[in-house]
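Reviewing the structure listed below.
The values are calculated or read from the model by the stated rules, or taken from the named source; none is laboratory data. Model, not experiment: these values are computed from the prediction. Cβ sites come from the backbone with ideal geometry, for glycine too, and all protein chains shown count toward neighbours. The accessibility values were calculated without ligands, DNA or RNA, using every heavy atom of the protein model including side chains. Shrake-Rupley method; radii C 1.70, N 1.55, O 1.52, S 1.80 Å.
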Amino acid sequence: MVNNRKVLMLPGDGIGPEVMDQTKKVIDWFDKKLEVGFDLEEDLIGGASYDVHNVPVTEKVMEKAINSDGVLFGAVGGPDYDNLDFSDKPERALLKLRKELGLFANLRPAIVFDALADASSLKKDIVTGLDIMIIRELTGGIYFGEPRGIRNLSNGKREGINTEVYNTDEIIRLGEVAFELASIRRKLVHSVEKSNVMESGLLWREEIQKLYDEKYQGINLEHMYADNCAMQLVRDPHQFDVIVTTNLFGDLLSDISAQLTGSLGMLPSASLGEKSDEGYRKSLYEPVHGSAPDISGQGKANPIAMILSFSMMLRYSLERANDAVLIEKAVEMVLKNGFRTADIMQNGKTLVSTEQMGLEICKNLDKLESEGY
Ligand code: IPM
Ligand code: MG
């Protein structure tokens, strides 16, 4: 008998719980249909954890995350927590999970669904059919580098310090993920840094080039400066297949590529760790959109990014690529049928709530199943 897969759900703050509720419906749908079910556990993270435990993530939750087959993460943060110390802020929970689970590779796909090509703030022909994968380094660079802090100077003024630092191993293990993924896509990798002004960027470029020369000559490799990449992403995004870049630049560039697709509410992500001897990677799946406190509790949030994050979990952690495709198809059908949450609403379409969107996706899963998919 096959064991159930252990999934830890951490809905978090803001719209996190609302979009997670709809994802639960999709998980339940698969739970009923599949021979392999899911053992779902749920716990607090971010501000929700701080309110109860005075910390953004407890050690118990860290342990559960480490022992799960995958973490489904909603969103953290909100105005109530803006004035906390850095160490208590909700965002710390996410950074700690990424760091302690060793989730160094962050996969952020930006796919434009045909039905939504009009929803982008860019012209339709620039984004139609777009399919980019940004691979962001997630456990190093300036978000973690030492020294860091704010210190008082002798002249009574202050100084804020963060450090960008990368070593060979960090660059190479990420580069490998990028080249491997490109090899099953369109075989093109853009490595993005600022080697014209940063030594860490120069090392990045050299190590990626070396890795390429040694192992991946069947792929096409281009190097690009991060500022140029930002510009090229809005000028002609079709030139990209896989973009591999640092933590900071990946944070920025993935928000840009998100907007190409029409809404942050559409974008899932996967964060993966090193392969274990048994071939498994630790993993965390989360929507790119964040907690959106301005619309939370109003039924306006788009649950698609969270639901697609679950589909990434099926693909990258649970070896169920066919089921991942099924979810993607169902999402496409719902969009084709004209259902829209507020963030992607267009003239002549049907505005639906978070919950209705979840129900529509499940209905289309039923439909696909009855058609023999
Ligand atoms: C993201 C977010 C996070 C980050 C925050 C919430 C810590 O912006 O996942 O892109 O900066 O990495
Ligand atoms: Mg970000």
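Determine the distance separating the Cα centre of the stretch 237-276 from the Cα centre of the stretch 1-80; give it in Å without decimals.
22
Taking only pairs that are 8 or more places apart or on different chains, how many Lys pairs in the stretch 237-373 have Cα atoms under 25 angstrom apart?
Total qualifying Lys-Lys pairs in the stretch 237-373 comes to 12.
Once R0 is set to 56 Å, what does the formula 1/(1 + (r/R0)^6) return for the Cβ-Cβ distance between residue 277 and residue 123, expressed as a FRET efficiency to the nearest 0.05?
The calculated FRET efficiency here is 0.70.
Could you sort 158, 235 by their accessible area in this structure, using a 1.4 Å probe and putting the largest first?
Sorted descending by solvent-accessible area, the residues read 158, 235.
In Å², what does the accessible area per residue of the chain work out to with a 1.4 Å probe?
45
What is the mean projected area of the alpha carbon convex hull for the stretch 239-373, to one decimal in square nanometres?
10.3
Helix-derived [θ] at 222 nm for the chain: sum -39500 (n - 2.57) over DSSP H runs of at least 4, divide by residue count, nearest 500?
Theoretical 222 nm ellipticity from helices: -12500 deg cm²/dmol.
Between residue 55 and residue 150, what is the label-to-label distance in nm when each label sits 7 Å out along the Cα-to-Cβ direction?
2.4
Pull out a ≥ b ≥ c, the square roots of the eigenvalues of the alpha-carbon gyration tensor of the stretch 68-126, then state rounded if a/c is under 1.5, prolate if not and a/b is larger than b/c, and oblate in the remaining case.
oblate
Which residue, 62, 312, 266, has the most motion in a Gaussian network model of the chain that connects Cα atoms within less than 10 Å?
Of 62, 312, 266, the most mobile in the Gaussian network model is 62.
Starting from the Cα-Cα distance between residue 82 and residue 235, subtract it from 0.36 nm times their residue separation and give me the gain in nm to one decimal.
Gain on extension, residue 82 to residue 235, equals 51.6 nm.
Over the Cα atoms of the stretch 63-169, compute the convex hull volume and normalise it per residue, giving Å³.
Spelled out: Cα convex hull of the stretch 63-169, divided by residues, is 221 Å³.
Over the stretch 1-72, what is the mean sequence separation of C-alpha contacts under 8 Å (at least six apart), divided by residue count, expressed as relative contact order in percent?
Reported as a whole number, the value is 47 percent.
Quick one: pull the percent of accessible area on the stretch 222-373 belonging to carbon and sulfur, 1.4 Å probe, ligands and nucleic acids left out.
48
With point charges of +1 on the Cβ of Lys and Arg and -1 on the Cβ of Asp and Glu, referenced to the Cα centre of the stretch 1-101, which listed residue (4, 47, 16) lies farthest in the positive direction of the dipole?
4
Let me have the relative contact order for the chain, percent, based on Cα pairs under 8 Å that are six or more residues apart.
Contact order relative to length: 21 percent.
When each pair of different Cα atoms in the chain is counted once in the 1/r mean, what is the Kirkwood radius in angstroms, to one decimal?
The answer is 21.3 Å.
If one computes P(r) from the Cα atoms of the stretch 145-221, what percent of pairs lie at distances over 14 Å?
Within the stretch 145-221, distances greater than 14 Å cover 67 percent of Cα pairs.
Rank 133, 333, 306 by mean-square fluctuation in a GNM of the chain with C-alpha springs under 10 angstrom and give only the top-ranked residue.
Looking only at 133, 333, 306, the largest GNM fluctuation is found for 333.
Express in nm, to one decimal, how much length is gained between residue 32 and residue 62 on full extension, taking 0.36 nm for each residue of separation and deducting their alpha carbon distance.
Taking residue 32 through residue 62 to full extension adds about 7.9 nm, to one decimal.
Taking the Cα centre as origin and putting +1 on Lys and Arg beta-carbons and -1 on Asp and Glu beta-carbons, what dipole magnitude results for the stretch 1-142, to the nearest 20 debye?
Roughly 420 debye for the stretch 1-142.
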